[in-house]
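Nothing in this text is a laboratory measurement; each read-out follows from the coordinates by a stated rule. Small disclaimer: the values here were computed from a predicted structure and weren't measured. For neighbour counting, all protein chains shown are included, and Cβ atoms are generated from backbone atoms with ideal geometry for every residue, glycine included.
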Amino acid sequence: MFSPWGALRELTHVTLHFILMPDGAPGRTDGQARIWLDKRLQQAERRCALTHELVHLEHGHTRCQAPRIERLVREETARRLIRIEDLCEAYRWTQHPAELAEELWVTADVVQDRLTALTEDEQARLAASARASRMP
């Protein structure tokens, strides 16, 4: 399982700040050395927001991104947080986004991003998991 906290520890030049985000966003980064997370986030939300901001930081994004770039960041975040093996395992017993999110320790939005960005091979694996769950 990907640990954004472990990844952050490796980036010794990056400082994490917990604040009340004035615009309601879960997090922000300056793209170089700072990440801000809303201190009202729950643990799974923090895990997702930190991963998202780490992806932005890795790409050097210093301000809001175009929708296409933001979508790519969301997809990369979802891939890091949800391995296909873990998604298939959880999918065997539920296809409900909120239940999947709880099982995978992410938000429902991250589950949706992962499902939307599945490769053809991953789609086939997930479909096989869903079929296996219906077998007697």
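Go ahead and run the numbers for FRET between TRP93 and ARG71, Cβ-Cβ distance against an R0 of 41 Å, rounding to 0.05.
On the way: r = 29 Å, r/R0 = 0.71.
The pair TRP93/ARG71 has a calculated efficiency of 0.90.
As a test of understanding, state the convex hull volume per residue of segment 4-70 from its alpha carbons, in Å³.
Numbers: hull volume 5.5 nm³, N = 67.
Cα convex hull per residue, to the nearest whole number: 82 Å³.
Scaled to the compact-protein estimate 2.2 N^0.38 Å, what is the alpha-carbon radius of gyration of segment 46-136, rounded to two decimal places? Please report the intermediate quantities before stating the final value.
Working: Rg = 14.2 Å, N = 91, 2.2 N^0.38 = 12.2 Å.
For segment 46-136, the normalised Cα radius of gyration comes out at 1.16.
Could you tell me which of LEU115, ALA90, TRP5 has its Cα farthest along the dipole of the chain towards the positive end, charges placed at Cβ (Lys, Arg +1; Asp, Glu -1), taken about the Cα centre?
Going by the Cα projections, it comes out as TRP5.
Within a Cβ distance under 15 Å of ALA108, other residues only, what is the Lys/Arg minus Asp/Glu net charge? Provide the component values of the computation, followed by the final result.
Values: positive: ARG47, ARG74, ARG114; negative: GLU45, GLU99, GLU102, GLU103, ASP109, ASP113.
Cβ neighbours under 15 Å give a net charge of -3.
Summing -39500 (n - 2.57) over the DSSP H runs of n ≥ 4 in the chain and dividing by its residue number, what mean residue ellipticity at 222 nm do you reach, to the nearest 500 deg cm²/dmol?
On the way: 7 runs with 78 residues, N = 136.
Theoretical 222 nm ellipticity from helices: -17500 deg cm²/dmol.
Please give me the summed charge of the neighbours of LEU11: other residues whose Cβ is under 15 Å from its Cβ, Lys and Arg +1, Asp and Glu -1.
Details: positive: ARG9, ARG34, ARG80; negative: GLU10, ASP30, GLU53, GLU58.
For residues surrounding LEU11, the net value is -1.
What do you get for Rg/Rh over segment 82-134 if you use C-alpha atoms and the Kirkwood form of Rh?
Here the Rg-to-Rh quotient is 0.92.
Can you give the extra length, in nm with one decimal, that the chain gains between CYS64 and THR116 once fully stretched, where that is 0.36 nm per residue apart less the Cα-Cα distance?
On the way: separation 52, 0.36 × 52 = 18.72 nm, distance 2.22 nm.
Separation in residues times 0.36 nm, less the Cα-Cα distance, equals 16.5 nm.
Over the chain, calculate the relative contact order: mean separation of alpha carbon pairs under 8 Å at least 6 apart, over the residue count, as a percent. Numbers along the way, then the final one.
Values: 163 pairs, mean separation 27.5, N = 136.
It rounds to 20 percent for the chain.
Can you tell which of GLN42, GLN123, GLN32 shows the greatest fluctuation in a Gaussian network model of the chain with Cα springs below 10 Å?
Most flexible of the set in this elastic network: GLN42.
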